[in-house]
Amino acid sequence: FPIDITFKSTNPFGWPQIVLSVYGPDFFGHDVVRGYGAVHVPFTPGRHRRTIAMFVPESTSRLQQFISWFTGRRPEFTDPRVVAQGEGREVTRVRSQGFVTISFNIM
């Protein structure tokens, strides 16, 4: 999807990121999360391709995994900013879920 944004800064700290939340149907037709990922927006002019590693949160116990599979309600992040931040991520159990490739044309 084309996105037109203008940024002006003297410090690239906290440079903007694109956070992806991918959803799709499961076996029962429920709309569930298929993956989360984030990438920093490049700041040099030109064409850039970035491959984003996607991941999904997992339940911590077998009972929770069975209940989430049975009810169709899988673990999700309530705040998408969790994906872009590093704080607290070391205690979150996640599973790798593929890759998404994104292209940037920076002027």
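A few notes on this one:
- Calculated P(r) of the range 26-95 - Cα pairs past 17 Å, %: 54
- Gain on full stretching of the segment that runs from Arg62 to Phe43 - 0.36 nm per residue minus C-alpha separation: 2.4 nm
- Loop-located chymotrypsin sites (Phe, Trp or Tyr not before Pro) in the range 18-58, at most 16 other Cβ atoms within 10 Å (DSSP): Phe27, Phe28, Phe43
- Fully extended contour minus Cα-Cα distance, from Phe27 to Val94, at 0.36 nm per residue: 22.1 nm
- Ranking by accessible area, most exposed first, for Ser68, Ser61, Ser96 with a 1.4 Å probe: Ser96, Ser61, Ser68
- Residue order by solvent-accessible surface for Glu76, Glu87 is Glu87, Glu76, largest first, with ligands and nucleic acids left out and a 1.4 Å probe.
The values are calculated or read from the model by the stated rules, or taken from the named source; none is laboratory data. Since the model is a prediction, treat every value here as computed from it, not as a measurement. Neighbour counts are summed over all protein chains in view; Cβ atoms, including those assigned to glycine, are modelled from backbone coordinates with ideal geometry. Only protein heavy atoms, including side chains, enter the accessible area calculation; ligands, DNA and RNA are left aside. Shrake-Rupley method; radii C 1.70, N 1.55, O 1.52, S 1.80 Å.
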